There are 2 protein chains.
Amino acid sequence: MGSFSTVSDLPNRQILLRRRPSGLVKPDDTELITAPAPEPADGEALVRTTYVGVDAAARTWLDGQPGYLPPVELGDVIRAAGIGEVVASRCDAYAVGDIVTTLTGFQEYVIVRDDLFTTPVADRDADQLAVMSVYGPTGATAYFGMTGIGRPQPGETVVVSAAAGATGSVAGQIAKIAGARVVGIAGGPEKCHAVVEDFGFDACIDYREDGLPAALKKHCPRGVDVYFDNVGGPILDAVLGRLAHKARVVLCGVISSYLTGEHPGPANYVSLLAKSALMQGFNALEEWSRFDEAFVALRQWELDGRLKHRETVFEGIESCVDALNGLFTGANIGKMLVRLS
Amino acid sequence: MGSFSTVSDLPNRQILLRRRPSGLVKPDDTELITAPAPEPADGEALVRTTYVGVDAAARTWLDGQPGYLPPVELGDVIRAAGIGEVVASRCDAYAVGDIVTTLTGFQEYVIVRDDLFTTPVADRDADQLAVMSVYGPTGATAYFGMTGIGRPQPGETVVVSAAAGATGSVAGQIAKIAGARVVGIAGGPEKCHAVVEDFGFDACIDYREDGLPAALKKHCPRGVDVYFDNVGGPILDAVLGRLAHKARVVLCGVISSYLTGEHPGPANYVSLLAKSALMQGFNALEEWSRFDEAFVALRQWELDGRLKHRETVFEGIESCVDALNGLFTGANIGKMLVRLS
């Protein structure tokens, strides 16, 4: 049974969307306000956000275009997935002290309904950073994309772009566990170092320094069997030009175009024909019913010491927009989070 | 046992490649010569070509770029798949009078080795037009592309480009047999008429007349579940912009770019991500060992009256180059053939 405590007078700082951004989010695009934390009604609970996750998808929701979720409307709190603690409850599903993951948004308190589907409960002693990095949509995305579409085989060559990012770092490690040779692509020496040293990839190409076609030829002499693409644009095109026979290209994201809305078409898509290869998009949320299967596997790998996660944590609600912009300027290694309490 | 007859003094007219063409094949790119028909050695047979098939792939072999077959060298006979009759044999595999399919090339006589893999024997009373249209690589391409990658389900919407062509016309009929609603794309009223009236598609879009996005929206109100692409270019991009959830795009050819060598990238490839869709290339020749499976199914459908084939037949070796160019100028409905004897 849930318990009820009054929450009147708790200040709830929130970041509202005031104007649809063009490119990076500018100061006038959002407003930080303080509202009273809402009282939960019957069948609801109040959650205090611990960490809010910052994903590229959050930027797409600001654009006013319908996607798998509706756009954030002007005046609404900016949508984001986070983790928090139940501080008041008027429903059976959640007790005070429960740790839940939900669409917290960029705010310190959020009302959740009695709905274990959209607001599942984590172990009270769970590592909240790991939940955000691995045991949620990010880890599930890496798992289903790599195991369901990529299907790396021992000895194959796997390339992962945005390899230092939350999804790429996990996806590459899954390929490594499957016995593949894994080559990351990332921007800058610090990230490339993390990709090899922290996440255990066999090599990492710095796309800012290395000529991509030549670097791919050097690191993938027999071609690319699996490409896990988080970026689109010229990097996708370069890897398509290096595919091996019967390659699989996993389309996970197009971060190169989220700011511009422009998606240059990859001319080398014809390699799919010449190489009898496939390119497939997916949305891990459609596999929601199988998340537990993913988490069991990921948990075992983490316990075995074969799966590492890292986070880049910004502090305080004031830094949410900087964190969101930072995704596009290369500020994060691993999952980008903002600690709110 | 094969039998031997002398073939000395038979004239063998051949079309040789003299210069690599740019765009359509020009008169100086090829030369029609007359050589004596070669004598078969031990383990060989001599075949008189009946029909030579003209495929877009034949044009790509003139470009000097390695593909799944090496390029045709200057001075060589232009490569093409055909059908003919054994007129002399010094091997066990073939008897005089056998009907065989092989890479005849653009020539009236060809030597074949004792190799039932590359030169299989057809029934002596087989309809040679049907063998070229349906019971060979063309039919197998339609079959494996549509059944293996497209996998149309009853009630789904399937779009086929180059729908009046040899592969597209068969592919669309296979989708129809599977219970799908099938919309063709073709150029000009004569072809569109054939697509609907001869091949039984539900509708056909004339890409020269109709605005493609609007026509796709009209004919595919619930989106495109399967797209069988023979053309690439702007047509591929337009259909990608209309995909349904979990759509399958079968990459079979890129005829729009075979003359230019340029493949504009389809900007709407991002629909694959938004729609959890896949795009896959294939080469039916890789499924050679399963051709019989395809032909059994195709034969039954033809006997049932559910699968029609048409051919556009040019006459005489002098018209081979016109037939090849005609593929790119829209001269054929169904399989393009040249009758040589």
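Just so it is clear, none of the values below were taken in a lab; they were calculated from the coordinates. Keep in mind that this is a model prediction, so the values were computed, not measured. Note that we place each Cβ from the backbone using ideal geometry, even for glycine, and neighbour counts take in every protein chain shown.
For this structure, a couple of remarks:
- Computed from the C-beta positions of B:Ser289 and A:Arg19, the FRET efficiency with R₀ = 60 Å rounds to 0.45.
- For the stretch A:88-173, trypsin sites (Lys or Arg not before Pro) meeting the loop criterion (DSSP other than H, G, I, E, B) and having at most 14 other Cβ atoms within 10 Å: A:Arg124.
- Largest GNM mean-square fluctuation across A:Gly53, A:Gly316, A:Gly84, computed for chain A with C-alpha springs under 10 Å, falls on A:Gly316.
- For the stretch A:137-285, taking Cα atoms only, Rg and Dmax work out to 13.6, 38 Å respectively.
- Over 32 Å (Cα to Cα) - which of B:Lys275/B:Lys308; A:Lys26/A:Lys217; B:Lys26/B:Lys217; A:Lys176/B:Lys246; A:Lys218/B:Lys26 fall in this group: B:Lys275/B:Lys308; A:Lys26/A:Lys217; B:Lys26/B:Lys217; A:Lys218/B:Lys26
- Interchain or long-range residues, amide H under 5 Å from B:Leu10's placed H: B:Ala37
- Approximate spin-label separation B:Asp115-A:Glu39, in nm, with each point projected 7 Å along Cα-to-Cβ: 8.7
- Alpha carbon centroid spacing (whole Å) that separates the stretch A:128-199 from the stretch A:281-320: 11
- Label separation (A:Thr260 vs B:Arg306): 4.8 nm, computed from points 7 Å beyond Cα along the C-beta direction.
- ³J(HN,Hα), Karplus 6.51/-1.76/1.60, whole Hz, each residue of the stretch A:249-258, x for Gly, Pro: 10, 9, 8, 10, x, 9, 4, 5, 10, 5
- Among the trypsin sites (Lys or Arg not before Pro) found in the stretch B:184-245, those both in a DSSP coil and sparsely packed, with 13 or fewer other Cβ atoms within 10 Å of their Cβ, are B:Arg208, B:Arg222.
- Considering only A:Thr30, B:Ala215, B:Val158, the residue lying farthest towards the positive end of the dipole of the protein assembly as shown is A:Thr30, judged by Cα position with unit charges set on Cβ.
- Relative contact order (percent, whole number), chain A, Cα cutoff 8 Å, 6+ residue spacing: 18
- Between this copy and the others, label points of A:Pro36 are 10.9 nm apart in ascending order, each placed 7 angstrom from Cα in the Cβ direction.
- Rg/Rh (Cα only; Kirkwood hydrodynamic radius) as it applies to the stretch B:267-338: 1.13
- Solitary cysteines of chain A, where the nearest other Cys Cβ is not under 4.7 Å: A:Cys91, A:Cys220, A:Cys252, A:Cys320
- Computed on the Cα atoms alone, the convex hull of the stretch A:1-152 gives a volume of 129 cubic angstrom per residue.
- Choice from B:Leu74, B:Leu251, B:Leu17 showing the highest fluctuation, given a GNM over chain B with Cα pairs closer than 10 Å: B:Leu74
- Derived scalar couplings ³J(HN,Hα) [the stretch B:130-135; Karplus, 6.51 cos²θ - 1.76 cosθ + 1.60; whole Hz; x for Gly, Pro]: 5, 4, 6, 7, 10, 9
- Inter-copy label distances for A:Arg18: 7.6 nm (label point placed 7 Å from Cα along Cα→Cβ; shortest first).
- Placing pseudo-labels 7 Å out from each Cα toward the beta carbon at A:Leu32 and A:Glu209 gives an inter-label distance of 3.6 nm.
- In sequence order, calculated HN-Hα J values of the stretch B:273-285 (Karplus, 6.51, -1.76, 1.60; Hz; x Gly/Pro): 6, 4, 9, 6, 10, 10, 10, 9, x, 7, 9, 4, 4
- Axis-proximal residue, chain A, for the rotation superposing A on B (Cβ, Å): A:Gly265, 1
- Across the alpha-carbon set of the protein assembly as shown, the Rg to Rh ratio works out to 1.08, Rh being the Kirkwood radius.
- For chain A, the longest piece that avoids every one of the GluC sites (Glu not before Pro) found in DSSP loops with at most 12 other C-beta atoms within 10 Å covers A:74-208.
- Long-range amide H partners of B:Ile333 with built H, under 5 Å: B:Thr312
- Residues whose amide H lies under 5 Å from that of B:Ala244, counting only those 5 or more places away or on a different chain, are B:Val224, B:Asp225; hydrogens are built 1.01 Å from N in the peptide plane.
- Our helix-only sum for chain A, with -39,500 (n - 2.57) per DSSP H run of n ≥ 4 divided by its residues, gives a mean residue ellipticity at 222 nm of -6500 deg cm²/dmol.
- Basic side chains Lys and Arg get +1 at the Cβ, acidic Asp and Glu get -1 at the Cβ, and with that the dipole of chain B about its Cα centre reaches some 1400 debye.
- Scattering profile of chain A at q = 0.07 Å⁻¹ [log10 I(q)/I(0), Debye over alpha-carbon scatterers]: -0.30
- Hydrophobic, long helices, defined as DSSP H runs whose alpha-carbon span along the helix axis is 27 Å or greater and whose mean Kyte-Doolittle value is at least 1.0, do not occur in chain A.
- Sorted from closest to farthest, the other copies place their A:Glu190 label points 6.7 nm away, with each point set 7 Å from Cα along Cα→Cβ.
- Here the dipole of the stretch B:187-252 is about 400 debye; that uses its Cα centre as origin and unit charges on the Cβ of Lys and Arg (positive) and Asp and Glu (negative).
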